[in-house]
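What follows is a single structure, written as C-alpha cells, with notes after it.
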Amino acid sequence: MAWGQLARRSKTGLLSHAQQLAAQGFTSATFQTNLLGDHLPQDGMFRRRFSSAVPPSEQMNLIKQLRERMCAPIKDVKASLVSCDWDIEAAQVDLRKRGVILAAKKSSRTAAEGLLAMAGDDKRAVVVELNCETDFVARNDVFQYLASSLAKMALSAQDPGKSVFPFAPTYLENMSINLDHPKLSGETTVRNAVTEVAAMVGENVKLRRGFMLSTTAHGVVSSYLHTCPQPGLGCVAGLITLEAEDSSAPLDALERVGSSIAMHIVAARPLFLSKELVSAAAVENERDVLRTQAERSGKPQMAIEKMVEGRLRKYFEEAVLLEQKYVVNDSTSIKTLLSDLSKEVGCKVTIGNFARMEVGEGIERQILTTAASTFMLGRPEE
C-alpha cells in the first residue's frame, strides 16, 4: 500500500513539473534539447564505438587480415582496429606503435628460450643466439627468419681478423639489415628489427650473443646443430676447426671427421682441448676434492694417493676433448680418431679450436651473479 502511494506521488510530481515547463513556453523538443545539453553531437546523431558502417562479418575479416600481417595478439589487433575506426592501414601503424611500447615494458622479463642460428663458408662459421620467453615463440616463422638473417648478416660483416671471436649484442645492434619476409620487410637496424619482432610475438625477444670461429691454415670449419626445426637453426651447437700441415691434403676427409667431432662436442661437453691447457689451479682444486673424498674411505695414505690419481685420470677423460671416448665408437678416443685421419690424408691433422653453445645456458647465473658469458673454448687465441 505504501508503495502505491509513493508511485502516485511521483507521477503527480512529474505531471506538475511538466505543466510548469509548458506554462514557461517549453515544448517537448526544447525539453529534450535541454535534457541532453552538451552531450548531443552537432550532427544530432549518436555514434557507437563499433562503427555501424562495418558489419560484424567484415570486422572479423579485418581482424584476421591484420593478425596475419603482424602476428600480434588478437586483443591488440582488435584494439588498434577499433581505435582507428576499422581502417586496416591506420591500425597497422597504430599496432606497430603499441608494440614498441609493449616491447619496452617486457624487456626486463627473463628470456631463456629461443634458437641458435648458424651460417658459414669454407673458412668461417658464425652462431648467433636469439632468445625469447617460450618455446612456442621459438617455433614462430618470423622469429626463426630473424635468427637466420642475423647469422647471415654476422657472417657477411667485416672479418674481425681473429680465429676465435665471441661478440656481444652491441657488435650487431647498430648494423643495417635488409629483411625480406611477408610479415617483416625493409631495411632497418638490428636493434629495431628485434624490437619489431618482440612487438609481433608479444614476448621479450633479445639478441644475446654470437660466436665466430675461423681458420687461416689449410683446413676446414665443421659444425653440428642439435634439435633443428629447420636447416641452420637449433638449440645446441658444436664448432671445430681441423687443420692439416700439408697444403695439398684433401679436405673432404677433414670435413667428414670434423662434422662427427662437432657432434661429439655437443654430446660430450668437453671443457678443454688437451691436458696441457688445463690450468694448474684447476688440476690442484680437482685433486683436493678427490683427496677429501678418498680420505673418507679410511684406507691407508698410499692407497688414497692411488685413488686420487685414478680419479684424476677419469676427470681428464671427461673434461678434455682429446682424452674423451668417441661417442660414436667408445672403443676409441678423439686422439686416436685424429691419428687415424692423419694416416688417411698423409700428414698430421690437428684441432685448431672448438666451441660449444647451448640456448639459455648461464642465464639464471647471470641474473643472480651477473656472471660473464659462458663460451666453452678449446684454447685461447694466440
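Counting only heavy atoms of protein chains, what accessible area per residue, in Å², does the stretch 214-345 have with a probe of 1.4 Å?
Details: 6940 Å² over 132 residues.
Using a 1.4 Å probe on heavy atoms only, each residue of the stretch 214-345 averages 53 Å².
Using a simple spin-label model with points 7 Å from Cα along the Cα→Cβ vector, what separation in nm is obtained for Ala280 and Thr292? About 2.2 nm separates the two model spin labels. Among the trypsin sites (Lys or Arg not before Pro) found in the stretch 245-340, those both in a DSSP coil and sparsely packed, with 16 or fewer other Cβ atoms within 10 Å of their Cβ, are Arg296.
Here r is the Cβ-Cβ distance between Asp87 and Thr110 and R0 is 35 Å; the resulting FRET efficiency, rounded to 0.05, is 0.40. Overall, the anisotropy analysis places the stretch 242-287 in the oblate class: the square-rooted eigenvalues a ≥ b ≥ c of its C-alpha gyration tensor yield a/c not less than 1.5, with a/b not exceeding b/c.
Please state the shape class of the stretch 133-216: rounded when a/c is under 1.5, otherwise prolate if a/b exceeds b/c and oblate if not, all from the C-alpha gyration tensor. Here the stretch 133-216 falls in the prolate category. Note on Leu251 and Val54: their simple-model spin labels are 5.6 nm apart, each label 7 Å out from Cα toward Cβ.
The values are calculated or read from the model by the stated rules, or taken from the named source; none is laboratory data. This is a predicted model, so every value here is computed, not measured. Please note: Cβ atoms are built from the backbone with ideal geometry, for glycine as well, and neighbour counts cover all protein chains shown. Protein only, heavy atoms only, side chains kept; ligands, DNA and RNA dropped before computing areas. Shrake-Rupley method; radii C 1.70, N 1.55, O 1.52, S 1.80 Å.
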